[in-house]
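Remarks on the structure that follows.
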Amino acid sequence: MTAHLDNHTVPSWDLFRKFTIEKRIAFFALDRHPVHILYARQFTRTFLDELYILTNKIRLIAKTNHGKSWLSTLLENRRVMLYFAQPSTRTFLSFATACETMGMRFYDVRSLETSSEMKGETFEDTIRTFSSYFDLVILRHATPNYAEHAAIVLNRSRRPIPLINAGSSKDEHPTQALLDIFTLRKSFEKLGGLSRKTVMLVGDLKRGRTVRSLAVLLAQFAPIHIIFCAPKELAIDDEIIAFLKDHNVTCTQTTDFEANLPKTDAVYMTRTQSEYTDAKSLASSSKAYHTAAYTLTQKHLNHLKPNSIIMHPLPRKNEIAREIDNDPRAMYWRQVRNGMWTRCALIAKIFNIEKKILDH
Ligand code: NCD
């Protein structure tokens with residue numbers, strides 16, 4: 001175990017970027033302030049269990065108008081910056097509605113075109129500016145490591161405030177993984193829980209940040225079996241497989257979607273991340289993926305166990321046929337709603353109001 005670093009001596013980004021991933025995670029341990037949510041590997045099983053309980057509680061409180069009004073007093077006077085430099089519908093809206101549920105005012109920059117970064121301002125100065133006005137930054141960016149870099153800038157500023165990574169390049173999408181885990185646990189609550197289940201992750205596993213973060217969180221529920229199903233050119237990184245093996249997760253890798261479907265308790269479909277494909281390889285990777293071989297359609301439903309669930313982080317292209325939307329096993333619209341409650345709970349944890357909510 002790496003010893004925790006002293007938060008008062010925050011390293012420069014140039015120094016920090018040379019740290020091993022273990023040292024980075026130790027530096028951003030969740031019991032330190034301000035809390036930054038950057039990597040799926042930051043979450044312990046205890047944190048996930050607490051978040052699960054808190055998410056359910058917030059959801060329950062919000063069922064009444066009185067409860068909704070009460071929740072909206074908890075973080076009033078706090079301001080949030082939603083800085084989304086990559087397209088987003090659900091993640092943006094679920095964070096916006098979560099902030100509103102908790103009574104926070106939020107402001108957004110949704111395109112670099114409207115930011116002073118366009119005039120040549122450095123990313124560091126932009127982030128530092130946020131720390132002057134806001135109490136929380138929620139960041140989505142296409143540049144690898146920007147979320148960590150921003151967290152270091154915030155820790156070195158005069159007014160350190162927390163940051164949540166809402167999707168960073170191909171690497172990480174920790175809050176999507178949290179809502180996916182919530183959905184899985186909820187679905188299997190009366191079916192013996194998530195452990196010992198078989199989860200199949202399908203599609204662009206090479207560049208899909210949701211699957212990378214989710215695979216890491218699934219390890220917290222070992223023993224568990226993961227099937228990675230993708231065309232060869234979009235297979236998951238060896239580094240994730242090695243991590244899972246170290247954490248007692250059994251994995252198989254396959255290109256055969258149909259043959260593995262009957263073995264699954266949850267099937268998690270994803271789209272081709274073509275925004276990261278250069279023109280040359282675009283043709284081959286999307287051709288490989290957009291074959292019927294990686295699409296879930298009506299004809300597959302009979303091969304799926306009666307209690308299996310179907311997930312997708314969305315947006316979908318053609319990975320799940322629309323006619324499946326009304327099947328009771330389709331969970332992707334529930335994931336969307338669960339995302340809002342999970343993000344409310346995460347914000348509550350960051351601002352240390354968990355006990356107040358649980359006592360309500
Ligand atoms: C995902 C993302 O942005 O990584 N979307 C989301 O946040 N729900 C998945 C995707 O874009 O394919």
remark   = Going through region 252-292 in order, the residues found to be aromatic (Phe, Trp, Tyr) and at pLDDT below 95 are Tyr276, Tyr289
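Could you say whether any residue in region 179-187 is open to solvent by less than 50 Å² (accessible area, probe 1.4 Å), more than 21 Å from Thr295 (Cβ to Cβ) and not in a helix (DSSP H, G or I)? If you could, list the steps in order and put the result at the bottom.
Looking only at region 179-187, we keep the residues that are open to solvent by less than 50 Å² (accessible area, probe 1.4 Å), and these are 179-185, 187.
So of that shortlist, the ones also more than 21 Å from Thr295 (Cβ to Cβ) come out as 179, 181-185, 187.
Okay, now just the ones that are also not in a helix (DSSP H, G or I), so none.
No, there is no match, as no residue in region 179-187 is open to solvent by less than 50 Å² (accessible area, probe 1.4 Å), more than 21 Å from Thr295 (Cβ to Cβ) and not in a helix (DSSP H, G or I).
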request  = Answer with yes or no whether Thr73 is within 21 Å of Pro162 (Cβ to Cβ), among the β-branched types (Val, Ile, Thr) and surrounded by fewer than 19 Cβ atoms within 10 Å (Cβ to Cβ).
outcome  = yes
task = Within region 330-353, track down each residue that is assigned to a helix (DSSP H, G or I) and of a type in the set (S, T, N, Q).
result = Gln335, Asn338, Thr342
task = Please enumerate the residues belonging to region 129-149 that are assigned to a helix (DSSP H, G or I) and either out of contact with any helix residue (DSSP H, G or I) (no Cβ under 6 Å at 6 or more places or on another chain) or of a type in the set (A, V, I, L, M, F, W, C) (or both).
result = Thr129, Phe130, Ser132, Tyr133, Tyr146, Ala147, Glu148
inquiry  = Would you confirm whether or not region 84-99 contains a residue that is away from the ligand (no atom under 16 Å from the Cβ) and either closer than 19 Å to Asn165 by Cβ or in contact with a Ser or Thr (Cβ under 9 Å, 6 or more places away or on another chain) (or both)?
reply    = yes
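Residues checked against (1) under 25 Å from His360 (Cα atoms); (2) small (Gly, Ala, Ser); (3) without any contact (Cβ under 8 Å) to a residue 40 or more places away in the chain; (4) not in a strand (DSSP E or B):
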site	(1), (2), (3), (4)
Thr9	no, no, yes, yes
Ala29	no, yes, yes, yes
Leu51	yes, no, no, yes
Lys57	yes, no, no, yes
Lys63	yes, no, yes, yes
His66	yes, no, yes, yes
Trp70	yes, no, no, yes
Asn77	yes, no, yes, yes
Tyr83	no, no, no, no
request  = Kindly provide the set of residues from region 190-249 that are part of a loop (DSSP other than H, G, I, E, B), more than 16 Å from the ligand (Cβ to nearest atom) and among the basic types (Lys, Arg), ordered by number.
outcome  = Lys190, Arg196, Lys197
query = closer than 23 Å to Val211 by Cα, within 16 Å of the ligand (Cβ to nearest atom) and at pLDDT 95 or above - does that describe any residue in region 42-65?
reply = no
task = Identify, by number, the condition in (1) surrounded by fewer than 17 Cβ atoms within 10 Å (Cβ to Cβ); (2) more than 26 Å from Leu296 (Cα to Cα) that Gln220 doesn't meet.
result = (1)
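The values are calculated or read from the model by the stated rules, or taken from the named source; none is laboratory data. Since we're looking at a predicted model, the values are computed, not measured. Because the Cβ atoms are built from the backbone with ideal geometry, glycine has one as well, and the counts that use them run over all protein chains shown. Surface accessibility is based on the protein's heavy atoms, side chains included, excluding ligands, DNA and RNA. Shrake-Rupley method; radii C 1.70, N 1.55, O 1.52, S 1.80 Å.
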